[in-house]
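The values are calculated or read from the model by the stated rules, or taken from the named source; none is laboratory data. It should be emphasised that the depicted structure is a prediction, and the values quoted were computed from it without experimental measurement. As a convention, Cβ positions derive from the backbone with ideal geometry for all residues, glycine included, and neighbour counts pool all protein chains shown. Remember, those area values only see protein heavy atoms, side chains included, never the ligands or the DNA or RNA. Shrake-Rupley method; radii C 1.70, N 1.55, O 1.52, S 1.80 Å.
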Amino acid sequence: MDWLEVRVLTDGEGAEAVAETLRPFAYSEGVVLEQLGDMTTADPDALESTITVKIYIPKEEDTTQKRTQIEDALHYLGRLYPIPPPTFHLLKEQDWANAWKSHYKPFRIGKHVWIQPSWIDMDAPEASDLQPDDIILTLDPGMAFGTGLHPTTQMCILFIEQYLKPKDTILDVGTGSGILSIAAAKLGSGPIVAFDTDELAIKTTHENAEINGVHHLLKIDQKTLDEYPIKPYNMVLVNILAPIIINLFKNDRLIDYLIDDGVLILSGIIDEQLADVETAVIEAGGRIIETKQTRDWVCLAVKKGDF
């Protein structure tokens, strides 16, 4: 299948709004890849604030009308916040898969998590900083969200590294590339349920779990949260978008998927949306125990309120 890539260059503050504006046009209504402008450093604080928001549309759905609709939607958004016009690129199947790979290098997150692109050899110069006690995640994110480069993903992994206990059960809501589930599995978790609404995300998660030898720990589904019976987990991971997180609390009883002393990790939150997410957490019976922030992006660790 060939693809139309729609690309918008923005910053951390505008990325959330751009992603939400583009989402209805994207394949399966949710395949949005956000990548930081500087992908060559492992230091989250050194990452540039420039973000490229990309969506992909099957070539057969590429019409003049759809391109005009996308341009108009971003034009109206630009009245509220400076947004450049989108660029459109037709990509062959192999081209979209490889378009960004030259910029994606190995790097470390936290103390021991090493992200290794699957197409780079372990003995390549780019992997020279690998330490003996590093836990290696071999990834090919494809079109799925979850390269490990975005602050939302990095902060989640830092919290997983901090709060995960051996054999903890995990629920990964909107798994993307599977990066958070695979990190948890390699850090010593127990069984993991990882799901996403997007078919390509599920395919990517299966492939990455196989590459990393943790597929036996993961149950991977193309579902939504309300399709699962409420069953408490030790850790719940939600790296999506603030409006979706709020909806999961209000309509899908997200907090009830957590054991009494478990940890719920929430990410994908722009700081200006933090108050609304905090309200949703409290109204659902949760309490925020720790907050991480990288520029405009916020990640929360949450427990049930009575403990």
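Between 73, 209, 183, find the one with the highest GNM mean-square fluctuation for the chain; connect C-alpha pairs within less than 10 Å.
73
Using only alpha carbon pairs under 8 Å that are at least six residues apart, calculate the relative contact order of the chain and give it in whole percent.
About 14 percent, as a whole number.
Using only alpha-carbon positions, what ratio does the radius of gyration of the range 216-266 give when scaled by 2.2 N^0.38 Å?
Dividing the Cα radius of gyration by 2.2 N^0.38 Å gives 1.13.
Counting only DSSP beta bridges with both residues in the chain, what percent are antiparallel, rounded to the nearest 5?
Looking only at bridges with both residues in the chain, the antiparallel portion is about 60 percent.
For a quick check, take a GNM of the chain with Cα springs below 10 Å and name the residue from 282, 136, 245 with the largest mean-square fluctuation.
282
What are the residues whose amide H is under 5 Å from the amide H of residue 290, where those residues sit 5 or more places off or on another chain and H is modelled from the backbone?
301
Mean residue ellipticity at 222 nm from the helices of the chain, using -39,500 (n - 2.57) per DSSP H segment of n ≥ 4 over the full residue count, to the nearest 500 deg cm²/dmol?
After summing the helix terms and dividing by the residues of the chain, the value is -8500 deg cm²/dmol.
Give the peptides 124-131, 185-192 in descending order of average Cβ contacts within 10 Å, highest first.
Those peptides, ordered most packed to least, come out 185-192, 124-131.
Springs between alpha-carbon pairs under 10 angstrom, Gaussian network model over the chain: which of 153, 204, 279 fluctuates most?
Maximum fluctuation in the GNM of the chain, among the listed residues, is at 279.
What number, in nm² with one decimal, is the all-direction average of the projected area of the convex hull of the alpha-carbon atoms of the chain?
The orientation-averaged projected area of the Cα hull of the chain comes to 15.1 nm².
How much accessible area does residue 109 have with a 1.4 Å probe, in Å² rounded to the nearest 10?
Here the residue's solvent-accessible area equals roughly 10 Å².
Students often get this wrong, so check it: of 111/292; 111/203; 167/219; 167/250, which have C-alpha atoms separated by over 19 Å?
111/203; 167/250
Quick one: order 205, 169 from most to least accessible surface, probe 1.4 Å.
Putting 205, 169 in descending order of accessible area: 169, 205.
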